[in-house]
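What follows draws every value from the coordinates through simple rules; no lab data is involved. This structure is a prediction, so every number in the text was calculated from the model and none was measured. Note: ideal-geometry Cβ built from the backbone for every residue, glycine included; neighbour counts use all protein chains shown.
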Amino acid sequence: MLDTRYKMQAAGYTILHAGYRATGADLPPCRIQPPSSSISDLPSRIPLVETAFREGALALDLLAAPDLEAVIGEEPDLERPPYWPIIWPAAGALARFLVTCKEDWSGKQTLELGCGPGLPGIVATALGALVVQSDYIADALLLAELNAWRNGVRGIRRVAADWRAWPLRARFDRVLASDVTYDRAFHRPLRNVLEESLAPGGAAYFADPGRPPALPFFAMLEDEGWSVEMHALPQEKDDPTVFLYRVGR
Ligand SMILES: C[S@@+](CC[C@H](N)C(=O)[O-])C[C@H]1O[C@@H](n2cnc3c(N)ncnc32)[C@H](O)[C@@H]1O
């Protein structure tokens, strides 16, 4: 872990620690150089296959682990399970929603939470948003960077950040999050992230594939005065129905 953090800092990432007070101006700069050498050894450490995303005029080919079995290992790290290398159905559904929802994404300051391989943030960037992708797993940010680079999508900023010790103090017009409400232990931290990072009048889009812990999360937000609108997104092949929650204040 220390080694990865070192490599990421050397490669130009900002690793933000709890207590660091960032403003919009001191978010990490866009990286315009090719992906760092630490990215090139990702495929030797993680089994990755190419996954196609097609919606409207947008055609992306991303690398991701084929399924959980391929990455879980015999002694999985239960504190930090390896969910990050997979493109979960909620990410595909949210990405398709971003393309089809007719919202103007140009110039929208957008934060992606728990980005994993990065599909929704990459799509939002392709639609004109100014995106910061975040995850607490450093390798997830490397994979998201590799995927953006392979598809010619430039300008995304990335920060390693844990919802439980949220370091960003910048505010965003939009927050994107797919499949992050599966663990009740994260609900209060995620709510605090929204409190800290969503700009007044902004909207957060959460996509969830009907996991039981999701409903109590959104009920908690409603109880606390947030507005929550839910609707089912169009289903893709054998995927579960994914629900979109639009959260605002
Ligand atoms: C189920 S995966 C979803 C990945 C991706 N959004 C998708 O839908 O394909 C959950 C993601 O949240 C990240 N995550 C989990 N706990 C986190 C935490 N406490 N702080 C920041 N990221 C976290 C994981 O590393 C992982 O990338």
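Here are some notes:
- The antiparallel fraction among DSSP beta bridges confined to region 2-248 stands at about 50%.
- Each eigenvalue of the Cα gyration tensor of the chain, multiplied by 5 and square-rooted, gives one semi-axis; in descending order these are 24, 21, 19 Å.
- Normalised by 2.2 N^0.38 Å, where N counts its residues, the alpha-carbon radius of gyration of region 54-179 equals 1.02.
- Simple label model, 7 Å out from Cα along Cβ direction - ARG171 to CYS101, nm: 2.0
- The chain - mean residue ellipticity at 222 nm from DSSP helices (-39,500 (n - 2.57) per run, n ≥ 4, rounded to 500): -8000 deg cm²/dmol
- Whole-number percent relative contact order across the chain, with pairs defined as alpha carbons under 8 Å at least 6 apart: 19
- For the chain, built as a Gaussian network whose Cα springs stay under 10 Å, the top-fluctuating residue of ASP139, ASP179, ASP77: ASP77
- Per-residue ³J(HN,Hα) for region 157-167, Karplus 6.51 cos²θ - 1.76 cosθ + 1.60, θ = phi - 60°, Hz, x for Gly and Pro: 9, 9, 9, 7, 8, 9, 4, 7, 8, 6, x
- Region 164-249: mean projected area of Cα convex hull, nm²: 5.6
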